[in-house]
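This is the structure I have questions about; it appears just below.
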Amino acid sequence: MTPSASSTGRGGARRGPGPAGVVAGRVPWALVVPAALGMVFLVLPLAGLLVRAPWSTLAERLAEPQVLEALRLSLVTATIATLICLLLGVPLAWLLARVGFPARRLVRALITVPLVLPPVVGGVALLLVLGRRGLVGQWLEAAFGISLPFTTAGVVIAEAFVAMPFLVISVEGALRAADLRLEEAAATLGASRWVIFRRVTLPLVAPGIVAGAVLCWARALGEFGATITFAGNFPGRTQTMPLAVYLALETEPEAAIVLSLLLLAVSVIILAGLRDRWVTGP
Amino acid sequence: MFRRVSRWAAAVPLALALAAGLAGCGSSDPATPATASSSASSASGATALTVFAAASLTETFTELGKTFEAAHPGTSVKFNFGSSATLAQQITQGAPADVFAAASPATMKTVTDASLATAPTTFVRNKLQIAVPPDNPAKVDELKDLSDSKVKVALCAEQVPCGAAAVKALDAAGLKVTPVTYEQDVKATLTKVELGEVDAALVYKTDVLAAAGKVTGIAFPEADKAINDYPIAALSKAPAPDLAKQFVDLVLSSQGKDVLTKAGFEAP
């Protein structure tokens, strides 16, 4: 199972380090120059953060309770949002990739809407549906006394709304790239579609799911617009790191730099750790 | 067949990465709006004027901008409305602005401290009001009602002028209010009332008037202890210094005063 699984998603990258030996000859300038420009473009702003960071007061700024509170909230909500996305997004991706139904193209287009929607607009849309006077929200409040805006649950919903398409598209891509013959073989042996999904498909596309979940988590962690619009901004309850950064920028750019660095460091450490353990595989 | 397919698989993360970049741009937008379009004014012909103004001036300055364009044919006035603190930040970072109108002396001071403006003039003052949805679901009628934990309140974040004013007013009344959210500017705070998501918010009287019909305003005596002075200044590095001075003159003229007082601002 493992060799075929690695051909989805990560397989291409793993062959990456080798090709210099496989294809001899000069590396073409037409590729090297834009590649270098691209790298500088992506890395330079990070360097800017590092250069302007107030290193002397870094420790005391990080020790402020509000900072850790925001960081904790960001990590917790992004993780829960990713779990929700996995729970709902993987079956959705499977449906799109494996089951032919009439409106499939339309459904796929609709699912990617949160990708192109400005997050603030997404937040307003969530308010109109799940807000206190929203289509579903007023019913939730009347029947169960549940009000989602301005709560931590609201943060999770806003993040999941914005991040789920990343997971769905990534997993659907992995499913389409997976070798169908293995599923067909399982079917000829009498396995039901549920068993095939659980025992064949899921292990086959596991790297794609992990890659999608990582993207999803990263997007949720950086979420700003939908969160501040739908869940508001209250320290300890809905103020995630990006919100704290934005408000710090209003008065104290140095504090904003510190917060950004912290968020950056934590996310890089977690993603690098995950990559070693899961994405590259044992 | 196998190779073909896996090549597509490799393309997926790339497409996603691109999408992520786009989404990222979208989310960082509120921090740096409208600076790119305003760079046109740096041309030496100076037919474009760029005004950075507090969000609460949106309606009045847009009207004054039209008046200015009518009086100076061929000139176009571009506005960047936002929280005064953000605008001050953008100006000190080199955004090409000609005029800055702030909702508090503190945010103007950021700009004068950086020697980017001298001698700002206070042109209006603004007072807070309690804004409630038209049906006033929580039956709010005075400031004291906001301290009830059952009343959902939105306040501006303390970092922006309307939030600082709210803190001052509540302190003057000796009240402790725990809002459900600290919004990033006064318009965002008002929106939460318009959508009925909160029962009350502290916003400027002018914002209540601008949203007439969608929210109801309630004046309260403690507002007199938290009056915001609005300073305006032509910026010393203005790409269009002459136009900048003329626009400031228009705002300070009796014609400008008429527009501003009609919207609920008070004379300084």
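Check whether at least one residue in segment A:98-113 is away from chain B (no Cβ under 14 Å) and surrounded by 16 or more Cβ atoms within 10 Å (Cβ to Cβ), and report yes or no.
yes
Additional query: Test A:Pro203 against the stated conditions and say whether it is more than 16 Å from the chain's Cα centre (by Cα), surrounded by fewer than 18 Cβ atoms within 10 Å (Cβ to Cβ), under 30 Å from B:Leu195 (Cα atoms) and of a type outside the set (Lys, Arg).
Criteria not met by A:Pro203.
Among the residues of segment B:218-238, count how many are closer than 23 Å to B:Gly174 by Cβ and under 19 Å from the mean Cα position of the chain (by Cα).
Of the residues in segment B:218-238, 3 are closer than 23 Å to B:Gly174 by Cβ and under 19 Å from the mean Cα position of the chain (by Cα).
Would you pick out the residues in segment B:169-183 that are more than 9 Å from every other protein chain (Cβ to nearest Cβ) and either of a type in the set (Val, Ile, Thr) or under 24 Å from A:Thr238 (Cα atoms) (or both)?
B:Leu170, B:Leu175, B:Lys176, B:Val177
Oh, and also: Taking only pairs six or more apart or across chains, which ones have beta-carbon atoms under 7 Å, a first residue in segment B:208-231 that is assigned to a helix (DSSP H, G or I), and a second residue that is among the β-branched types (Val, Ile, Thr) and surrounded by 15 or more Cβ atoms within 10 Å (Cβ to Cβ)?
From segment B:208-231, the pairs are B:Val208/B:Val215.
Looking only at segment A:217-241, count every residue that is facing chain B (nearest Cβ under 10 Å), assigned to a helix (DSSP H, G or I) and surrounded by 24 or more Cβ atoms within 10 Å (Cβ to Cβ) and tell me the total.
So the count comes out to 7.
Could you check how many residues of segment B:162-206 are of a type outside the set (Phe, Trp, Tyr), over 17 Å from B:Lys144 (Cα atoms) and not in a helix (DSSP H, G or I)?
7
Among the residues of segment A:242-269, write down those that are within 12 Å of chain B (Cβ to nearest Cβ) and among the small types (Gly, Ala, Ser).
Passing the criteria: A:Ala244, A:Ala248, A:Ala255, A:Ala256, A:Ser260.
Give the number of residues within segment A:57-90 that are in contact (Cβ under 8 Å) with a residue 60 or more places away in the chain, among the charged types (D, E, K, R) and within 13 Å of A:Thr152 (Cα to Cα).
So the count comes out to 1.
Could you say whether any residue in segment A:173-190 is surrounded by fewer than 23 Cβ atoms within 10 Å (Cβ to Cβ), more than 10 Å from chain B (Cβ to nearest Cβ), touching a helix residue (DSSP H, G or I) at 6+ places or on another chain (Cβ under 8 Å) and not in a helix (DSSP H, G or I)?
No, segment A:173-190 contains no residue that is surrounded by fewer than 23 Cβ atoms within 10 Å (Cβ to Cβ), more than 10 Å from chain B (Cβ to nearest Cβ), touching a helix residue (DSSP H, G or I) at 6+ places or on another chain (Cβ under 8 Å) and not in a helix (DSSP H, G or I).
Oh, and also: Check A:Leu75, A:Leu95, A:Leu106, A:Leu110 and return the single one that is under 23 Å from A:Pro242 (Cα atoms) and assigned to a helix (DSSP H, G or I).
Unique residue meeting the criteria: A:Leu75.
Take the residues in segment B:57-83 that are buried (at least 21 other Cβ atoms within 10 Å of the Cβ) and modelled with pLDDT of 90 or more, then tell me which one is farthest from the chain's Cα centre (by Cα).
Among them, the one singled out is B:Phe68.
The values are calculated or read from the model by the stated rules, or taken from the named source; none is laboratory data. Note that the structure is a prediction, hence the values are computed from the model and not measured. In this analysis, Cβ positions are derived from the backbone assuming ideal geometry, glycine residues included, and neighbour counts consider all displayed protein chains.
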